[in-house]
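Q: Can you read through this structure? Questions will come right after.
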Amino acid sequence: MDEEIEIRMESRIAPPPLTCPKCQELLPPGLGEIQCTMCDSKVRVEHEVTRKKWKEEKISCPQCDKVLVVGVDKRPANLQCASCSHNFTLHPNVPRVEVTCPGCDRRLRMKQKPGTRSIDCPACETKFTVKF
Ligand SMILES: [Zn+2]
Ligand SMILES: [Zn+2]
Ligand SMILES: [Zn+2]
């Protein structure tokens with residue numbers, strides 16, 4: 001039941017979690033111009049350290065496993081492996097949270113998105129909501 005298994009290259013580096021200056025809700029992770037999902041205001045987010053880490057991040061090619069230095073200071077980043085010429089996209093890191101199902105006490109991992117999520121436990125089918 002692992003919904004986290006996806007063939008998708010994801011950056012291991014996440015920008016710091018920031019809240020919207022207007023409504024205090026958690027902003028979607030990213031740098032540059034971010035639109036708050038709760039109040040729609042646009043917020044400019046910059047973080048030098050994250051940009052630097054993004055540029056220096058190493059990732060192994062999904063095709064040939066050769067380790068590449070990304071060299072691009074934004075996410076998503078379109079990359080081409082120097083060794084096998086395989087093109088792939090390095091997606092932004094999505095923070096995950098763990099919640100406990102009130103029905104069966106299973107720990108469920110999911111992507112953290114701001115706002116209220118309704119969850120269908122894949123194990124016992126209990127429906128419940130969580131707010132991030
Ligand atoms: Zn907001
Ligand atoms: Zn390759
Ligand atoms: Zn459950």
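The values are calculated or read from the model by the stated rules, or taken from the named source; none is laboratory data. Predicted model, so just to flag it, every value in this text is computed and none were measured. Cβ atoms come from the backbone with ideal geometry, glycine included; neighbour counts cover every protein chain shown.
Q: Counting just the residues of the stretch 123-132 that are at pLDDT below 90 and surrounded by 12 or more Cβ atoms within 10 Å (Cβ to Cβ), which one comes out nearest to residue 16 (Cα to Cα)? Spell out the reasoning first.
A: So in the stretch 123-132, the residues at pLDDT below 90 come out as 130-132.
Pick out the ones that are also surrounded by 12 or more Cβ atoms within 10 Å (Cβ to Cβ) and you get 130, 132.
Numbers: 130: 22, 132: 16 Å.
Filtering the stretch 123-132 for residues that are at pLDDT below 90 and surrounded by 12 or more Cβ atoms within 10 Å (Cβ to Cβ), the one nearest to residue 16 (Cα to Cα) comes out as 132.
Q: For the stretch 37-56, what are the residues that are in contact (Cβ under 8 Å) with a residue 24 or more places away in the chain and in contact with a Lys or Arg (Cβ under 7 Å, 6 or more places away or on another chain)?
A: Of everything in the stretch 37-56, just one residue is in contact (Cβ under 8 Å) with a residue 24 or more places away in the chain and in contact with a Lys or Arg (Cβ under 7 Å, 6 or more places away or on another chain), namely 54.
Q: Is it the case that residue 66 is under 21 Å from the mean Cα position of the chain (by Cα) and either surrounded by 12 or more Cβ atoms within 10 Å (Cβ to Cβ) or within 18 Å of residue 29 (Cα to Cα) (or both)? Full working, then the answer.
A: Numbers: under 21 Å from the mean Cα position of the chain (by Cα): no; either surrounded by 12 or more Cβ atoms within 10 Å (Cβ to Cβ) or within 18 Å of residue 29 (Cα to Cα) (or both): yes.
No; evaluated as a whole, the condition is false for this residue.
Q: Can you name every residue in the stretch 97-111 that is in contact (Cβ under 8 Å) with a residue 24 or more places away in the chain and in a loop (DSSP other than H, G, I, E, B)? Break it down into steps so the answer makes sense when it comes.
A: So in the stretch 97-111, the residues in contact (Cβ under 8 Å) with a residue 24 or more places away in the chain come out as 97, 99, 101-103, 109-110.
101, 102, 103, listed by residue number.
Q: Also: Answer yes or no: is there a residue in the stretch 28-36 that is of a type in the set (D, E, K, R), away from ligand 2 (no atom under 16 Å from the Cβ) and in the same structural domain as residue 132 (by TED's automatic domain parsing). Quick ask: steps written out before the conclusion?
A: Here is the first cut: in the stretch 28-36, the ones of a type in the set (D, E, K, R) are 33.
Applying the additional criterion that residues be away from ligand 2 (no atom under 16 Å from the Cβ) yields 33.
When the remaining residues are screened for being in the same structural domain as residue 132 (by TED's automatic domain parsing), the result is none.
So far as the stretch 28-36 goes, no, none of its residues is of a type in the set (D, E, K, R), away from ligand 2 (no atom under 16 Å from the Cβ) and in the same structural domain as residue 132 (by TED's automatic domain parsing).
Q: If I ask for residues that are in a strand (DSSP E or B) and either assigned by TED's automatic domain parsing to the domain that holds residue 31 or within 27 Å of residue 18 (Cβ to Cβ) (or both), which ones from the stretch 70-96 would you list? Can you show your working first?
A: From the stretch 70-96, those in a strand (DSSP E or B) are 77-80, 87-91, 96; that's our starting set.
The answer is 77, 78, 79, 89, 90, 91, 96.
Q: Still on this structure, please answer the following. Restricting attention to the stretch 95-132, which residues are of a type in the set (Lys, Arg) and more than 14 Å from ligand 3 (Cβ to nearest atom)?
A: Here is the first cut: in the stretch 95-132, the residues of a type in the set (Lys, Arg) are 96, 106-107, 109, 111, 113, 117, 127, 131.
Within the stretch 95-132, 96, 111, 113, 117, 131 qualify.
Per-residue answers, yes or no, for (1) away from ligand 3 (no atom under 16 Å from the Cβ); (2) surrounded by 12 or more Cβ atoms within 10 Å (Cβ to Cβ); (3) modelled with pLDDT under 95; (4) of a type outside the set (D, E, K, R):
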{"site": "33", "(1), (2), (3), (4)": "yes, no, yes, no"}
{"site": "42", "(1), (2), (3), (4)": "yes, no, no, no"}
{"site": "45", "(1), (2), (3), (4)": "yes, yes, yes, yes"}
{"site": "51", "(1), (2), (3), (4)": "yes, yes, no, no"}
{"site": "57", "(1), (2), (3), (4)": "yes, yes, no, no"}
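Q: Sort out which residues of the stretch 55-87 are within 8 Å of ligand 2 (Cβ to nearest atom) and at positive phi, and write them in order of number.
A: Residues satisfying the conditions are 65, 85.
Q: I'm checking my understanding of the structure. Among residues of the stretch 28-68 that are within 15 Å of ligand 1 (Cβ to nearest atom) and of a type in the set (Gly, Ala, Ser), which one is farthest from residue 91 (Cα to Cα)?
A: As a first pass, look at the stretch 28-68 and keep what is within 15 Å of ligand 1 (Cβ to nearest atom): 28-30, 33-45.
Now narrow it down to the ones that are of a type in the set (Gly, Ala, Ser): 30, 41.
Working: 30: 11, 41: 24 Å.
Within the stretch 28-68, the match that is farthest from residue 91 (Cα to Cα) is 41.
Q: When the stretch 102-130 is examined, which residues are found to be within 23 Å of residue 26 (Cβ to Cβ) and of a type in the set (Val, Ile, Thr)?
A: Passing the criteria: 116, 119, 129, 130.
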